[in-house]
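Structure, as structure tokens:
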Amino acid sequence: MNASRIALVTGANQGLGRALVEGLAARMHPADLVLLTGRDQRRVSDAAADVAGLPGTRARVEGRVLDVTDTDAVARLADELRARYGGVDIVVSNAVARVLPDESQSARADEFIDVSNTATHAILRSFGPVLRPGGRLLVVASSLGTLGHLDPRLHPLFDGASLDQVEYAVESWRSAVHRGTATEAGWPVWLNVPSKVAQVAAVRAVAAERRDRDLASGTLIASVCPGMVDTATSRPWFSDYSQAQSPAEAARAVLDLLLAEHVDPALYGELVRFGKPLPWHDGTPPVEQDRLVRP
């Protein structure tokens, strides 16, 4: 039986991704299908079964194993959903690699970049074409994704760039990390900053190509900043968590954006936080953070 709407969330075993699946399953209709994805079969199956059994769940929930760093696997899943359902209606690219402050950033660079950036590019390339009219494709980033958080020397790599150019910039950054020349070139030690800027730049690149036809069909492509969220990934980085949201709290604004009846053109292609776009050129390089992490 074909579902009325198809939603897919990556990195959904726990944290914000899990909360987004729970919220979608509660707010969508019984004929709809929410796909909870992750890399580990047991964790995916257990999480999907848990969400399906929650009292407020209305939509069907299924677990699917998906390694977002495997670009072929991402493409195969997109093709499968197009063949079975004619496409997808909601896609949330949420997967992230956990790096602790006492770990070497350079030693973890490949995994971090693959999960955050290579995967974002694959989701945009594979799921953008199968997003049905009126659909939503969101990439979870952060307020660090604004261009001003990078050294000005690096701005031309991302400002107004195509997706191919963003990919090239990311791989250039990766190579500089491995060569030990990243700091000299202006790249911050903290991987999260260039990674988030590149995610937002990739979304902006795809959105720039599709804007007119997407807005005409009520389709939204954007990146989102959920704000500070109390998760196992983020907690080690902050000493004061008094203002942090639970994953369920952080999911609300994202869910409102995903399920809004109409698309606000001011949000299309932008980095959105609590329903408002963040200026792309704002921010200052967070040099203080670099002192807290290992190169």
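Are any of the residues in region 114-130 within 13 Å of the chain's Cα centre (by Cα), among the β-branched types (V, I, T) and farther than 16 Å from V203 by Cβ? The answer is yes; a qualifying residue exists.
If you check V74, V91, V34, V21 for being under 21 Å from G135 (Cβ atoms), assigned to a helix (DSSP H, G or I) and in contact with a Leu (Cβ under 6 Å, 6 or more places away or on another chain), only one passes: V21.
Within region 48-65, not a single residue is of a type in the set (S, T, N, Q) and either outside any loop (DSSP other than H, G, I, E, B) or touching a residue at least 40 places away in the same chain (Cβ under 8 Å) (or both). The condition (being over 13 Å from the mean Cα position of the chain (by Cα), under 30 Å from H262 (Cβ atoms) and among the hydrophobic types (A, V, I, L, M, F, W, C)) is satisfied by just one residue among A141, A161: A161.
You will find that of A107, A95, the residue that is within 30 Å of V177 (Cβ to Cβ), without any contact (Cβ under 8 Å) to a residue 40 or more places away in the chain and touching a strand residue (DSSP E or B) at 6+ places or on another chain (Cβ under 9 Å) is A107 and no other.
Under 15 Å from T10 (Cβ atoms), surrounded by 15 or more Cβ atoms within 10 Å (Cβ to Cβ) and modelled with pLDDT of 95 or more, is that true of D40? Write out each step before concluding.
Working: under 15 Å from T10 (Cβ atoms): yes; surrounded by 15 or more Cβ atoms within 10 Å (Cβ to Cβ): no; modelled with pLDDT of 95 or more: yes.
The answer is no for D40.
Within the option set L138, L124, L147, being surrounded by fewer than 22 Cβ atoms within 10 Å (Cβ to Cβ), in contact with a helix residue (DSSP H, G or I) (Cβ under 8 Å, 6 or more places away or on another chain), touching a residue at least 60 places away in the same chain (Cβ under 8 Å) and aliphatic (A, V, I, L, M) holds for one residue only, L147. For region 161-179, a residue qualifies if it is out of contact with any helix residue (DSSP H, G or I) (no Cβ under 7 Å at 6 or more places or on another chain) and without any contact (Cβ under 8 Å) to a residue 24 or more places away in the chain, and the qualifying residues are D164, Y168, E171, S172, S175, R179.
Screening region 188-295 for strands (runs of 3 or more DSSP E) wholly inside it with 3 or more residues that are crowded, with 16+ Cβ neighbours inside 10 Å and modelled with pLDDT of 95 or more returns the ranges 220-225, 271-273.
The values are calculated or read from the model by the stated rules, or taken from the named source; none is laboratory data. Please read these numbers as outputs of a predicted model, since none were measured by experiment. In this analysis, Cβ positions are derived from the backbone assuming ideal geometry, glycine residues included, and neighbour counts consider all displayed protein chains.
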